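To start, the structure itself, in structure tokens.
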Amino acid sequence: MNETTTTKEPKILILATLSGGYAGADYVGQQHLNYSTNTSILPVRCPSMFSTEFYIKAFEKGIDGIIVMYSGTDSPFKGGPERTAVMVDQTYKKMGELGINIKRLKLAAICTVCKKPFLKQVNEMNETLNEIGFVQDELADQGKDK
Amino acid sequence: MTEKTNPKPEETKIGVYVCYCGGNISDVVDVEKVAEKMREHPNVTIARTDMSMCSDAGQSIVENDIKELGLNRVVIGACAPSLHEHTFRGTVARGGLNPYFFHHVGLREQDSWVHSNNPGGATEKAIRLMYAGIAKANLLKPLDMIKLKAERHALVIGGGVAGLRAAYDIAGRGINVTLIEKTPFLGGRMAQLETVFPTGNNAREDLHSLINEVRTHPLITIHTLSELVNIRGYIGNYDVQIRSQSRGVSGDNAEAALAACTQEVPDDFNYGLTKRKVVYRAYEGCFPSTPAVDWEHYDGKPIEIDGQKVIFENKKKTFDLRIGAIVIATGFQPYEPPRGDYGYDELPEVVTLPQFIRHMGLRDGNVGELTWKGHPVRDIAAIHCVGSRHLAGVHEPQPDGILNNYCSRVCCTATLHQVNELLDEYPNINVYDFYEDIRTYGLEHESYYTEASKKMVRFLRFHGDQRPEVVAAPEGDTHPVLVKGKDYLTNGLEVEVPVDLVILAVGMVPRPVDDLVDMMKIPKGDDRFLLEVHPKLRPVETPVPGIVLAGTAQSPMNIQESCNAASAAAAKVAVLLAAGQVELDPYVANVDLDKCEGTGACIEVCEYEDAIVLETMTVEGKEVQRAVVTPANCSGCGNCVSACPHHAIDVQGWEVAHYEAMVDAITMEVEI
Ligand SMILES: Cc1cc2nc3c(=O)[nH]c(=O)nc-3n(C[C@H](O)[C@H](O)[C@H](O)COP(=O)(O)OP(=O)(O)OC[C@H]3O[C@@H](n4cnc5c(N)ncnc54)[C@H](O)[C@@H]3O)c2cc1C
């Protein structure tokens with residue numbers, strides 16, 4: 001577990017629902033389609049469980065971009081997608097206050113066979129991060145400004 | 001047996017296993033390197049690799065390590081958790097651990113298969129994901145499955161051969177079945193066929209023997225003209241609402257109504273080749289035998305029966321049932337070419353294969369000469385792959401924007417079987433078979449092709465992007481239509497074949513079931529057919545527990561395959577419901593009473609009735625309100641988790657702390 005800072009690439013965290021994005025990511029795999037390796041996909045039941053605090057902490061720890069791949073209207077959970085949207089919205093506000101570019105957080109409905117939308121989200125987040133840089137630089141800049 | 005203690009994170013002894021997946025993972029990911037890195041982790045007691053962790057031998061390694069090394073957590077990096085998480089929970093339990101002391105990391109679908117262009121990056125990602133898995137495993141708590149009473153009652157949707165077979169097999173295991181069929185009659189598409197491959201039997205005779213078994217089975221209740229309109233609940237306990245339409249006629253007035261009715265519409269049973277009355281039987285010998293009113297087309301005008309004017313009324317009724325599991329057997333419909341495609345719907349001499357089969361069935365015995373619309377038929381062209389194997393950029397997508405790029409599988413054999421039968425009866429007819437590839441798959445089904453060749457069927461092979469064209473022959477020609485195309489069996493020679501009839505071997509498309517898909521939250525594939533969890537390992541299950549698939553609702557299948565799938569679906573249902581109880585994953589909300597302040601914020605965002613309530617309890621001598629979860633009513637969505645200002649509620653097995661630990665692991669830089 002050596003800690004190094006060799007190949008620095010933006011880190012993308014994908015919170016993907018079992019009934020949507022996670023199954024969608026498996027489907028992309030079954031089709032053997034390539035995307036970037038700087039992605040870490042974590043399965044979630046419904047992202048409505050994540051508070052603003054969770055997202056902010058993740059950015060502070062060095063996650064450069066988060067894509068919440070929820071199930072949208074396909075969600076098996078009543079009220080889950082709506083609450084997820086509320087939490088993401090609240091997080092945008094907090095990000096604004098903290099000077100974290102809100103493009104770092106993206107909510108996208110991905111279905112179990114949405115291979116193109118999945119790849120589009122990953123590619124777009126990579127493009128965004130290439131443009132806006134690392135979150136820690138952004139946070140450091142904020143520190144300097146104060 | 002299962003360990004109930006929960007060691008502190010620093011005391012965990014984790015066994016980590018990284019699967020080669022027979023090369024599927026190890027061809028890209030340096031699996032040995034991953035295991036080597038895992039050994040550096042302070043909580044990892046052992047890290048091993050294996051060619052196939054899911055094999056008996058692979059699982060035994062884990063079981064033995066748990067026993068011999070005293071492991072109290074297991075992390076396995078392998079294929080998708082949807083495939084083997086369940087398998088490995090069993091492995092861990094057999095080793096003597098609580099099955100929830102296991103975490104599965106997907107290294108195949110989400111790593112090696114998507115990063116084949118970057119093995120170094122894939123290995124680094126595998127290490128990162130495995131570290132995240134270890135971080136979660138450190139925090140896992142022992143959990144017990146939630147046991148709930150399961151209703152020993154299955155609902156089968158669709159009364160075609162697949163639905164009938166599934167219903168009969170489920171009932172045979174002592175489980176009640178309600179079968180609902182949307183139309184007034186049972187049998188589905190099979191009833192519209194004549195002799196069928198591979199047996200050569202009459203389709204309706206075989207079908208009727210199955211219908212007889214189903215309708216006389218004491219545990220099966222049949223509702224025709226019925227549809228599912230609402231569903232709530234979960235495996236073992238679905239509350240469904242069914243809406244039934246009335247037949248409009250009954251008992252004494254049924255036959256009289258049938259005789260008296262004069263309003264006619266195209267007969268859908270004969271694919272529009274004939275007309276039928278709006279009070280009708282699908283065909284002679286159908287079940288139920290009582291005629292029904294075609295509500296879609298009935299003009300509402302009175303019909304005079306025995307001197308009395310009668311207006312039929314569709315008395316709809318809805319009823320509720322509690323159901324343990326559901327089989328979806330909603331079937332397929334033949335592809336209908338757009339007007340003008342291959343001359344369809346413009347040239348009277350162009351028919352689809354289903355129409356041709358009906359035409360053959362409608363003949364009054366062997367009439368010596370085959371005729372079509374009164375004209376003798378001596379030359380026939382059959383064109384394969386109509387509505388199947390469409391190519392992007394060459395063929396137009398369907399109105400829904402989807403390209404029918406799949407092979408419908410059944411049509412090649414069905415076409416050649418029909419052609420062979422035809423030539424048995426009319427050996428002097430010439431058949432020209434235009435095909436892209438002949439796919440008469442199945443044991444000895446090649447014989448349909450060889451038999452057709454022996455019967456002098458002329459095969460002409462086209463390329464998928466250069467399909468034949470069907471045009472009207474010039475006035476005064478010997479035949480009414482010409483089929484033009486290039487034959488690649490003769491080096492792309494331009495051919496022009498004059499024929500009396502063109503048969504389009506149309507593909508299969510699923511029946512539109514978007515209402516069911518929306519209600520049940522089941523996925524559809526790229527091709528619009530309903531999608532199973534895994535084509536090999538879980539071939540009839542949908543991701544929604546307790547909802548399984550049977551027959552052509554899932555993909556093109558012949559009758560034998562439809563029945564195989566239906567029997568598999570029935571076996572699955574029987575396994576689920578036989579014990580009268582189902583076990584659900586314990587992923588429900590759990591309140592930490594030490595942190596709960598009774599704010600009720602969790603209840604405000606909870607959409608599930610009675611899942612969380614505030615109860616009065618005594619804490620340090622004071623009466624206070626605290627949140628209490630009823631596991632059977634909780635979906636485990638986690639709405640409450642983000643709402644609690646005191647972080648006092650979490651979803652068991654999916655805690656926020658797990659994610660925070662995983663993020664820590666992911667953000668750690670790894671060196672390889
Ligand atoms: C031209 C042609 C020739 C063929 N020849 C052969 C052959 O020779 N040999 C062979 O093995 N196979 C043959 N097949 C294939 C065979 O027809 C199918 O395998 C079989 O009919 C599939 O049965 P099923 O029950 O899956 O679907 P279906 O027969 O389509 O039955 C589905 C039933 O579900 C009902 N339904 C639909 N939606 C709902 C709803 N929402 N609620 C309630 N009920 C609903 C429908 O009304 C229907 O009754 C042929 C197919 C075609 C097109």
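The values are calculated or read from the model by the stated rules, or taken from the named source; none is laboratory data. Remember, it's a predicted structure, so these values are computed and weren't measured experimentally. Positions of Cβ are generated from backbone atoms using ideal geometry, with glycine treated the same way; all protein chains shown enter the neighbour counts.
General remarks:
- Scanning the stretch B:421-444 for residues that are of a type in the set (D, E) and surrounded by 16 or more Cβ atoms within 10 Å (Cβ to Cβ), we see that the one that is farthest from B:S388 (Cα to Cα) is B:E421.
- For the stretch B:133-162, residues that are within 16 Å of the ligand (Cβ to nearest atom) and not in a helix (DSSP H, G or I) total 7.
- A:I67 vs. criteria in a loop (DSSP other than H, G, I, E, B) and either more than 8 Å from chain B (Cβ to nearest Cβ) or over 27 Å from B:G525 (Cβ atoms) (or both): no
- Close contacts from the stretch A:95-110, counting a first residue that is in contact (Cβ under 8 Å) with a residue 40 or more places away in the chain and a second that is surrounded by fewer than 19 Cβ atoms within 10 Å (Cβ to Cβ) and of a type in the set (D, E, K, R), with Cβ to Cβ under 8 Å and a gap of 6+ residues or different chains, come to A:G99/A:E138; A:G99/A:D141; A:G99/A:D145; A:I100/A:E138; A:K106/A:E124.
- For the stretch B:487-495, the criterion of being within 11 Å of the ligand (Cβ to nearest atom), of a type outside the set (G, A, S) and away from chain A (no Cβ under 11 Å) is met by no residue.
- Of the residues screened, B:R173 is not one that is among the charged types (D, E, K, R) and without any contact (Cβ under 8 Å) to a residue 40 or more places away in the chain.
- From the options B:E349, B:E369, B:E336, residue that is free of Cβ contacts under 8 Å to residues at least 60 places away in the same chain and of a type outside the set (V, I, T): B:E369
- Only one entry in B:E213, B:E194, B:E181 is more than 9 Å from the ligand (Cβ to nearest atom) and more than 30 Å from B:V588 (Cβ to Cβ), namely B:E213.
- Condition check for B:L577 on (1) within 16 Å of the ligand (Cβ to nearest atom); (2) crowded, with 18+ Cβ neighbours inside 10 Å: one failure, at (1).
- Subset tally (residues that are more than 18 Å from B:V509 (Cα to Cα) and under 30 Å from the mean Cα position of the chain (by Cα)) for the stretch B:329-345: 0
- Pick from the stretch B:295-307, criterion closer than 15 Å to B:A260 by Cα and in contact (Cβ under 8 Å) with a residue 40 or more places away in the chain, ranking: farthest from the chain's Cα centre (by Cα): B:D306
- Any hit, the stretch B:449-460, residues being hydroxyl-bearing (S, T, Y), buried (at least 16 other Cβ atoms within 10 Å of the Cβ) and under 38 Å from the mean Cα position of the chain (by Cα): yes
- Applying the set (1) part of a helix (DSSP H, G or I); (2) under 33 Å from the mean Cα position of the chain (by Cα); (3) within 10 Å of another protein chain (Cβ to nearest Cβ); (4) over 16 Å from B:G15 (Cα atoms) to B:H86 leaves exactly one unmet item: (3).
- Residue within the stretch B:664-671 that is closer than 28 Å to B:I323 by Cα and out of contact with any Asp or Glu (no Cβ under 9 Å at 6 or more places or on another chain) present: no
- Flag if B:L129 is more than 20 Å from B:A35 (Cβ to Cβ) and of a type outside the set (F, W, Y): no
- Taking the stretch B:538-554 as the range and being in contact (Cβ under 8 Å) with a residue 40 or more places away in the chain, part of a loop (DSSP other than H, G, I, E, B) and either near the ligand (Cβ under 10 Å from one of its atoms) or over 23 Å from B:A579 (Cα atoms) (or both) as the test, only B:A550 passes.
- Some residue of the stretch B:37-44 being away from every other protein chain (no Cβ under 14 Å) and part of a loop (DSSP other than H, G, I, E, B): no
- Extreme residue, surrounded by the fewest Cβ atoms within 10 Å (Cβ to Cβ), among residues of the stretch B:483-499 that are of a type outside the set (V, I, T), in contact with a Leu (Cβ under 9 Å, 6 or more places away or on another chain) and not in a strand (DSSP E or B): B:L489
- Subset tally (residues that are more than 23 Å from A:M87 (Cβ to Cβ) and either in a helix (DSSP H, G or I) or at pLDDT 95 or above (or both)) for the stretch A:121-146: 14
- Filter pass, B:N639 being within 14 Å of chain A (Cβ to nearest Cβ), touching a residue at least 12 places away in the same chain (Cβ under 8 Å), in contact with a Ser or Thr (Cβ under 7 Å, 6 or more places away or on another chain) and not hydrophobic (A, V, I, L, M, F, W, C): yes
- Residue in the stretch B:615-634 that is modelled with pLDDT under 95, in contact with a helix residue (DSSP H, G or I) (Cβ under 8 Å, 6 or more places away or on another chain) and within 14 Å of chain A (Cβ to nearest Cβ) present: no
- Residue check, B:N230 more than 10 Å from the ligand (Cβ to nearest atom), in contact with a strand residue (DSSP E or B) (Cβ under 8 Å, 6 or more places away or on another chain) and polar (S, T, N, Q): yes
- Scope the stretch B:192-220; condition charged (D, E, K, R) and over 20 Å from B:N270 (Cα atoms); matching residues: B:E213, B:R215
- From the list B:V62, B:V18, B:V74, B:V34, the lone residue that is of a type in the set (V, I, T), within 14 Å of another protein chain (Cβ to nearest Cβ) and either touching a residue at least 12 places away in the same chain (Cβ under 8 Å) or closer than 15 Å to B:L129 by Cβ (or both) is B:V34.
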